[in-house]
């Protein structure tokens, strides 16, 4: 607003003051007419002076430090810069490798990942044997990031319910490529350097193990037999321990699993087992009866690997695990047992 003052010691005549006020009023009215024209409907917005635009009413506004990710199913989520309360069932191995403890851990009944319980003993277990826990149960743990290791976990409305609690990232199958999954987890958690160091250390271990196996058991074939409640199977070289032995350590698998991820094994097929070393897994202790039945048979005892003492029962806890901690333990076992 303009301000009219009289200089000290100078008088202003009243009629001059009246004329000046009339002039000022006219000027203000003209200015108002100009502003009204600028803001009237139908006028282009570009005619207004440039100002910072306000966010759209319904557009999500990322908080300071948040980062945007798109998961394997195409969901776009905003993740805190450094999540503090993480729930990532069946990815506890990778979380610990990055120095992160989850707010709760996966379990089958009351059984969690046995080989990790030294570090997870104070972490509550959530039972997945009947499906994913309800959103009401999960809400009580107040996660600020949820990571589902397989798309199967996200079905039946689980994703929609969980994503209302916290940003929820879904892998199509994190166990399919543990190293890549660890790298992505590192990005989600703001732990990229920790992930890089873990992967470099693991690769060094793989290289050293390959050299030891090539020295002690060159050209040898292996078979991994899984005894479980539902049956007996040969594990192929594309997942879990089979992936470690075949894809990473370069050990050839029995020809029976050349094109198979898993093959039902019976006494009739047993004579075709062309393995120099056999690793036996009693899954969750539920395959004891089937193992006894097969290993006490005359057919089993006639297998060359059995006669040479190259059959070893290994831990189901980490041979059926998914993560670098499990993989490193598997490598230690293989190097030791194939050197005998």
Problem - Flag if residue 86 is surrounded by 14 or more Cβ atoms within 10 Å (Cβ to Cβ), out of contact with any helix residue (DSSP H, G or I) (no Cβ under 8 Å at 6 or more places or on another chain) and under 22 Å from residue 66 (Cβ atoms) - result: no
Handout entry: Check on residue 104, closer than 21 Å to residue 79 by Cα, modelled with pLDDT of 95 or more, surrounded by 15 or more Cβ atoms within 10 Å (Cβ to Cβ) and more than 11 Å from the chain's Cα centre (by Cα)
Key = yes
Exercise for the section: State the number of residues belonging to the range 170-179 that are surrounded by 24 or more Cβ atoms within 10 Å (Cβ to Cβ) and over 17 Å from residue 93 (Cβ atoms). Expected result: 1
Handout entry: Candidates 182, 139, filtered to the one that is crowded, with 16+ Cβ neighbours inside 10 Å and at pLDDT 95 or above
Key = 182
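Would you mind stating whether residue 256 is in a helix (DSSP H, G or I) and at pLDDT 95 or above? First the steps, then the outcome.
Numbers: in a helix (DSSP H, G or I): yes; at pLDDT 95 or above: yes.
Yes, satisfied.
Let's see how each residue does on (1) more than 17 Å from residue 222 (Cβ to Cβ); (2) more than 39 Å from the chain's Cα centre (by Cα):
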{"site": "292", "(1), (2)": "yes, no"}
{"site": "301", "(1), (2)": "yes, yes"}
{"site": "307", "(1), (2)": "no, yes"}
{"site": "319", "(1), (2)": "no, no"}
{"site": "322", "(1), (2)": "yes, no"}
{"site": "327", "(1), (2)": "no, no"}
{"site": "337", "(1), (2)": "no, no"}
{"site": "340", "(1), (2)": "no, no"}
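Are there helices (runs of 4 or more DSSP H) fully within the range 267-313 with at least 3 residues that are touching a strand residue (DSSP E or B) at 6+ places or on another chain (Cβ under 7 Å) and modelled with pLDDT of 95 or more? List them. Reasoning before the result, please.
Numbers: elements: 288-295, 298-301, 304-307.
Those helices (runs of 4 or more DSSP H) span 288-295.
Out of 223, 195, 209, report the one residue that is farther than 25 Å from residue 313 by Cα, surrounded by 15 or more Cβ atoms within 10 Å (Cβ to Cβ) and either at pLDDT 95 or above or in contact with a helix residue (DSSP H, G or I) (Cβ under 9 Å, 6 or more places away or on another chain) (or both).
195
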Practice task
Look through the range 232-255, keep the residues that are farther than 20 Å from residue 318 by Cβ and touching a strand residue (DSSP E or B) at 6+ places or on another chain (Cβ under 6 Å), and return whichever of them is surrounded by the most Cβ atoms within 10 Å (Cβ to Cβ).
Solution key: 254
Fill in the blank from the handout: Flagged in the range 116-146 as within 24 Å of residue 82 (Cβ to Cβ) and in contact with a strand residue (DSSP E or B) (Cβ under 9 Å, 6 or more places away or on another chain), in numbering order, are 116, 120, 123, 124, 126, 138, 141, 143, 144, 145, 146
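The values are calculated or read from the model by the stated rules, or taken from the named source; none is laboratory data. Bear in mind that the values here come from a model prediction, so they are computed numbers and not experimental data. Here Cβ is always computed from backbone atoms with ideal geometry, including for glycine, and neighbour counts include all displayed protein chains.
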